[in-house]
Amino acid sequence: MTLNGIHHISAVTGDARGNLDFYTRVLGLRLVKKTVNQDDPTAYHLFYADEHGSPGADLTFFEYPGAPRGRAGDGMVHRIVWRVGTSDALEFWTSRLRNERIEARWEDGGLRFDDPEGLAHELRVSTVDDAPLVAVHSAIPIEFALQGFDGVRAYASDPDRSRRFLDEAVGFRADGTARFEARGATRGATYTYDRAPGMGRAGAGTVHHVAWSSTMDEHDAWRERVIRAGGHATPVIDRFYFRSIYFREPSGILFEIATAGPGFTVDEPLAHLGESLSLPPTFEPLRPELERTLTPLPNPRAPSPSAR
């Protein structure tokens, strides 16, 4: 069995409105699901992705209004790495980000920047043949659009303690002393360790977990494999849009293995993903209360008044 790269990455925000603006208007991603955190339905769970809500391009956020900023440290993912198509795309993003007054800096062949709450991102020219996962945006030429995840970088004080587990439990292939790859039938992603600067603090602008992509048929077998390798995996949890198991790898980073289906069109048509609050059937009785208490958010793809 092989995991088909990253399924999604989940982070924390204290400002859903600002988060929505940055990831849809500035970065050009599509809001593909506006729902709630199923472990705490008083909190939003916002999903941004490509045009189809594909695993491999799906960045999600839990909103806790007013949450203080966190700081990435030992046992936490500290940077999200995205693919772009060409060096011209990097030039485009350098200009676009700076026009938004976002500091963008070239380092080690990539373009690095932080979102408004300090979550670190990097853009790199793709070196693989994976299909680009892009969203449509009027101000971003399709050839310059983000193309999905290339990988994540995590802090670890002793990366060697994770090496055997990454091989035996999740089938990652070592690609250097601190770099690993999860490559499946159609996609892959890297997982790289950097030396931890110290202890971190969860909060706005930090990654909560990274999810790796499995087929539905192999999902139960992945749980058994993690347990055989010494991991403490949760039971399979039905998240309605996908199924999930969770566990921590030895360096402390929270992993999820999520299925590639059923997908986001199970309760909304593709053309209208993310336009209204979607609730799995279990949470539907909470709708009146949630619609009163959750932060009101606009539909980022609604026509402007002048266009009507």
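Couple of notes before you dig in:
- 37 °C / 0.692 mPa s Stokes-Einstein diffusion coefficient of the range 237-308, Kirkwood radius on C-alpha pairs, µm²/s: 215 µm²/s
- Our helix-only sum for the chain, with -39,500 (n - 2.57) per DSSP H run of n ≥ 4 divided by its residues, gives a mean residue ellipticity at 222 nm of -4000 deg cm²/dmol.
- Inter-label distance, Arg69 to Asp88: 3.6 nm, where each label sits 7 Å from its Cα along the C-beta direction.
- Selected from Ala89, Ala221, Ala258 as most flexible by GNM, with the chain as the system and alpha-carbon contacts under 10 Å: Ala221
- Only Lys, Arg, Asp and Glu carry charge here, each on its Cβ (+1 for the first two, -1 for the last two); on that basis the chain has a dipole of about 420 debye about its Cα centre.
- Whole-Hz couplings from phi, Karplus 6.51/-1.76/1.60, listed for the range 184-192; x for Gly and Pro: x, 5, 10, 9, x, 7, 9, 9, 10
- Ratio of Rg to Rh over the range 162-308 (Cα coordinates, Kirkwood Rh, two decimals): 1.05
- Label-zone membership for the range 108-124, site Arg195, 7 angstrom Cα→C-beta point, backbone N under 20 Å: 108
- Extension gain for Arg17-Arg292 works out to 97.4 nm (0.36 nm per residue, less the C-alpha to C-alpha distance).
- The slack in the chain from Arg98 to Ser126, taken as 0.36 nm per residue of separation less the alpha-carbon distance, amounts to 7.8 nm.
- Virtual paramagnetic centre 7 Å along Cα→Cβ of Thr177, amide N under 14 Å, in the range 143-160: 158-160
- Relative to the 2.2 N^0.38 Å rule of thumb, the chain has a C-alpha radius of gyration ratio of 0.96.
- The range 38-116-the range 219-257 distance, computed between alpha-carbon centres (Å): 24 Å
- Backbone N within the range 170-187 under 20 Å of label point (7 Å from Met1 Cα along the Cβ vector): 170-174, 181-187
- Close amide H contacts of His209 (hydrogens built in the peptide plane, cut-off under 5 Å, sequence separation of 5 or more or a different chain): Ser10.
No lab work stands behind these numbers, since they all come straight from the coordinates. Worth saying up front: this structure is predicted, and the values here are computed from it rather than measured. Cβ atoms come from the backbone with ideal geometry, glycine included; neighbour counts cover every protein chain shown.
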